[in-house]
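Heads up: the structure comes next, in structure tokens.
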Amino acid sequence: MTSSGPWTIDDLRGLIRDVPDFPQPGILFRDITPLLANGQAFHAVVGLMAASYAEIDIVVAIESRGFILGAPVALELGAGLVPVRKAGRLPAETIAADYALEYGVNTVEIHKDAIKPGQRVLIVDDLLATGGTVKATIDLVKQLGGDIAGVSVLAELAFLDGRSKLGPYEIQSLIVY
């Protein structure tokens with residue numbers, strides 16, 4: 001990849017670092033921080049994540065790395081940004097959705113007034129793995145009456161089959177492992 005040429009998906013994949021045994025033994029963590037540190041690659045990712053979507057009112061970004069990608073995607077689309085956060089971190093009235101973890105349950109929340117019925121929503125996150133967080137976010141957006149235009153993620157761990165939990169929505173993954 002030259003500094004003036006277009007970025008390919010393989011170029012972007014090459015900037016994602018594999019970290020074995022993180023956060024626990026047996027896990028291969030896909031670290032996107034080297035990609036984010038490259039301004040041209042980061043810009044390319046934002047453009048690619050936004051390119052398939054038009055007339056989006058709200059980008060819903062999932063805590064926490066989804067915030068890093070969701071904010072510039074919202075700017076690229078001229079859309080508002082709504083955070084989905086872990087329980088207890090939003091200051092106003094919220095609605096919540098639970099999702100299963102390997103050992104237990106986690107909860108995400110969104111402000112009750114964040115999305116108006118009929119608004120077109122793009123959900124953005126860094127990674128689609130088991131699909132739990134994205135599915136919980138879809139449920140929250142639907143509860144508020146949002147029209148889900150799609151889900152855009154930087155990377156997908158296809159072997160975990162999270163996509164199968166998400167229903168009929170368009171799922172865009174730039175990099176699939």
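Some observations on this one:
- Taking Lys and Arg as +1 and Asp and Glu as -1, the other residues whose beta-carbon sits under 13 Å from that of residue 165 total -1.
- Remark: the chain carries 50 Å² of accessible area per residue (probe radius 1.4 Å; ligands, DNA and RNA excluded).
- Couplings 3J(HN,Hα) for the range 85-91, derived from phi with the Karplus relation 6.51 cos²θ - 1.76 cosθ + 1.60 (θ = phi - 60°), are 10, 5, 3, x, 10, 9, x Hz, where x marks Gly and Pro.
- Accessible area (Å², 1.4 Å probe, nearest 10) - residue 10: 110 Å²
- All other residues whose Cβ lies under 12 angstrom from that of residue 57 are scored, Lys and Arg at +1 and Asp and Glu at -1, for a net of 0.
- DSSP bridge analysis restricted to the chain gives an antiparallel fraction near 40%, rounded to the nearest 5.
- Once backbone amide H atoms are built at 1.01 Å from N, residue 172 has 151, 152, 153 as its partners under 5 Å, excluding neighbours fewer than 5 places away on the same chain.
- When its C-alpha radius of gyration is set against 2.2 N^0.38 Å (N residues), the chain gives a value of 1.02.
- Here's the list of lysines a cross-link from residue 116 could span, going by alpha-carbon distance under 16 Å and ignoring same-chain residues fewer than 8 apart: 142.
- Filtered trypsin sites (Lys or Arg not before Pro), the range 80-111: DSSP coil and at most 13 other beta carbons within 10 Å: 89
- Extending 7 Å from Cα along the Cβ direction at residue 98 and again at residue 22 yields two label points whose distance is 3.2 nm.
- Gain upon complete extension [residue 89, residue 159; 0.36 nm per residue less C-alpha separation]: 22.0 nm
- Rounded to whole Hz, the Karplus (6.51, -1.76, 1.60) HN-Hα couplings of the range 147-153, x for glycine and proline: 9, 7, 7, x, 10, 10, 10
- Of all accessible heavy-atom area on the range 2-82, the percent that carbon and sulfur account for (1.4 Å): 57 percent
- Comparing 174, 77, 8 along the charge dipole axis of the chain, the residue lying farthest to the positive side is 77, per the Cβ-charge model.
The values are calculated or read from the model by the stated rules, or taken from the named source; none is laboratory data. None of these values were measured; they are calculated from a predicted model. Please note: Cβ atoms are built from the backbone with ideal geometry, for glycine as well, and neighbour counts cover all protein chains shown. SASA here: full protein model, heavy atoms, side chains in, ligands and nucleic acids out. Shrake-Rupley method; radii C 1.70, N 1.55, O 1.52, S 1.80 Å.
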